[in-house]
Amino acid sequence: MPRLSVIIPTYRRFAPLLDTVEEVLAQKNAEFEIVVVDQNPVWPEDLLAHRAQVAGRAEVKWLVRDKPSVVAARHDAVEVATGDIFVFIDDDVTILDPFFLARHAANYDALPALDAVVGREVYVGQATPSVAPFPQPRDEMTWGRPFAGTPGDQAIRFDRMRLERYEVITFCTCNSSVKREAFFRVGGFDESFHGNAYGDDYDFAIRLGEAGGRFVYDPRAWLIHLHCPVGGLRMSDVKMRLDEREKIYSSVLFLLKNWNGPWRRYLLWRVLRRSVFLKANLKEPWRQPAVWLGLWQAWREARAAVRRGAWSRFGESGRAATPDGTACPSPRQHT
């Protein structure tokens with residue numbers, strides 16, 4: 001089995017994060033480390049002892065990032081990760097299967113040409129799958145994606161709750177893994193995404209797919225996504241301290257990067273749904289001027305990012321630098 005690095009960026013999800021890490025620590029039949037990137041300036045006092053206990057485990061690397069940015073946080077974790085495979089999960093998931101990580105790893109053992117595995121998300125209220133025996137059967141995989149289309153079409157269209165195992169082109173940082181070599185082949189995530197960075201994982205899938213990457217969706221590697229109403233990237237969270245431009249910028253960026261695809265109307269609707277037609281903005285119409293200004297600013301910034309092209313600290317130069325050439329702040333190890 002290869003060594004796995006489980007990467008968990010977190011923001012304002014204190015107890016759910018600790019539960020998630022505890023469940024990863026209970027995994028069986030897998031060699032792994034856990035890299036948490038803590039973007040919280042302050043923790044609840046009643047959880048400090050529990051956090052110290054979890055952060056002190058030998059399997060855990062606990063980094064602290066002062067300025068929240070989920071894409072940059074994932075790259076902070078990658079910089080210190082030692083695994084052959086990076087497993088990305090959210091900070092508000094429940095993992096009931098003790099072989100969850102082993103199932104991710106088994107796909108790479110059975111399919112040497114494989115670059116990435118996408119697991120299944122089960123939502124609260126849905127029937128929980130039974131835990132299958134492990135080792136799992138080494139079933140034959142017939143390469144061939146379930147539908148035609150460009151990498152962009154496939155990344156957007158695929159349903160991550162399907163029950164069949166397929167070759168796909170998609171990625172979701174709630175429950176996906178990728179080989180270290182494949183990750184660096186395309187420079188990781190595009191760090192042009194920031195703020196409420198929706199779309200960065202689809203963008204990664206599209207770029208890796210265009211570079212010849214092979215993906216498999218395996219529903220046996222499942223977890224429950226709690227969809228906590230606060231923290232993370234939740235736009236409904238009233239304590240999310242982002243201006244209107246930051247709330248919508250990444251969605252606009254993904255739209256413009258895929259403007260020529262057949263899904264541009266769908267993507268445009270998602271942009272408007274998260275800005276002009278957001279329920280809170282319709283209930284309080286006096287917010288509309290700021291919303292439209294933020295949308296215009298996001299559009300202008302995203303157009304500049306598209307012209308510049310995908311950017312990552314893991315690009316060809318290998319420099320840890322921002323687009324303007326200044327050094328990226330390094331994460332701090334928690335002690």
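Values in this text are rule-based calculations from the coordinates and carry no lab data. For clarity, every value in this text was computed on a predicted model and none was experimentally measured. FYI the Cβ positions are ideal-geometry reconstructions off the backbone, even for glycines, and counts take in every protein chain you see.
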Dimensionless Rg over Rh [segment 244-308; C-alpha; Kirkwood]: 1.00
Cα-Cα P(r), segment 9-79, percent of pairs per 5 Å interval: 3, 16, 28, 26, 18, 7, 2, 0
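How much FRET efficiency would the formula 1/(1 + (r/R0)^6) give for residue 82 and residue 306, where r is the Cβ-Cβ distance and R0 is 25 Å, rounded to 0.05?
0.15
Tell me, what is a quarter of the convex hull surface for the C-alpha atoms of the chain, in nm² with one decimal?
For the chain, averaging the hull's shadow over all directions gives 17.2 nm².
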Projected label distance in nm at residue 264 and residue 280, using a 7 Å step from Cα toward the beta-carbon: 3.1 nm
Rounded, prolate or oblate (a/c below 1.5 giving rounded, otherwise prolate when a/b exceeds b/c) for segment 137-228 by Cα gyration tensor: oblate
Under-5 Å amide H pairs with residue 34, H placed in peptide plane, nonlocal only: 6, 60, 61
Rounded to whole Hz, the Karplus (6.51, -1.76, 1.60) HN-Hα couplings of segment 168-176, x for glycine and proline: 9, 10, 6, 7, 9, 6, 6, 6, 8
Fewest-first sequence of 8, 206, 224 by Cβ atoms within 10 Å of each Cβ: 224, 8, 206
Nitroxide proxy distance, nm - points 7 Å out along Cα→Cβ at residue 28 and residue 57: 1.6 nm
